[in-house]
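The structure under discussion appears below in the form of structure tokens.
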Amino acid sequence: MFARILLPTDGSPLSSQAIPLAIDLARQWGSELVAVAVAQPALVLPPSEAALTIDVVAETQLLVDAARADVEVVAAAARAAGVPCATVTILDHAVHKALLEVARERQCDLILMASHGRHGLSRLIAGSQTQKVMAASSIPVLVLRPGKTASDADSA
């Protein structure tokens with residue numbers, strides 16, 4: 001059905017919940033996974049007298065290393081299930097654009113991604129990478145929404 005499935009990951013518990021689903025679908029369809037993590041470089045503000053000194057190069061390397069570790073978690077799970085998996089790590093400010101570019105370059109025909117389900121002010125501030133991908137994608141996007149936890153059910 002789908003030859004290549006793009007699976008973005010940021011190492012969060014929600015994006016980790018998408019891994020078994022992606023592997024199961026890939027196994028059923030005989031698909032290859034493309035696990036991708038986008039490390040967002042920190043914004044560098046102009047120095048001021050009271051500013052802390054930040055080693056931008058070291059900070060960037062930490063972000064890239066963390067992104068690599070995130071895609072390796074996906075790759076290890078895929079290997080254990082016998083599903084082929086390529087990994088891609090990118091450093092980019094525009095996460096949704098980077099994801100769409102990888103999908104195009106790797107000829108993916110499905111994007112499976114988690115949505116953090118932000119609402120209100122947090123959505124305005126943080127934005128929704130999932131929504132941006134869905135709006136700009138020329139291929140299908142399967143979105144895994146966060147499920148209710150026991151504490152959510154208790155407060156309802």
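The values are calculated or read from the model by the stated rules, or taken from the named source; none is laboratory data. Only a predicted model underlies this, so the values are computations on that prediction, with no experimental measurement involved. Cβ: placed from backbone, ideal geometry, glycine included. Neighbour counts: every protein chain shown. Keep in mind that these areas ignore ligands, DNA and RNA; they rest on the heavy atoms of the full protein, side chains included. Shrake-Rupley method; radii C 1.70, N 1.55, O 1.52, S 1.80 Å.
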Simple spin-label estimate for Ala69 and Ser138 in nanometres, 7 Å along Cα-Cβ:
3.7
Accessible area of Leu142, 1.4 Å probe, to the nearest 10 Å²?
70
Gain in length, Gln61 to Gln107, computed as 0.36 nm per residue apart minus the alpha-carbon separation, to one decimal in nm?
13.8 nm
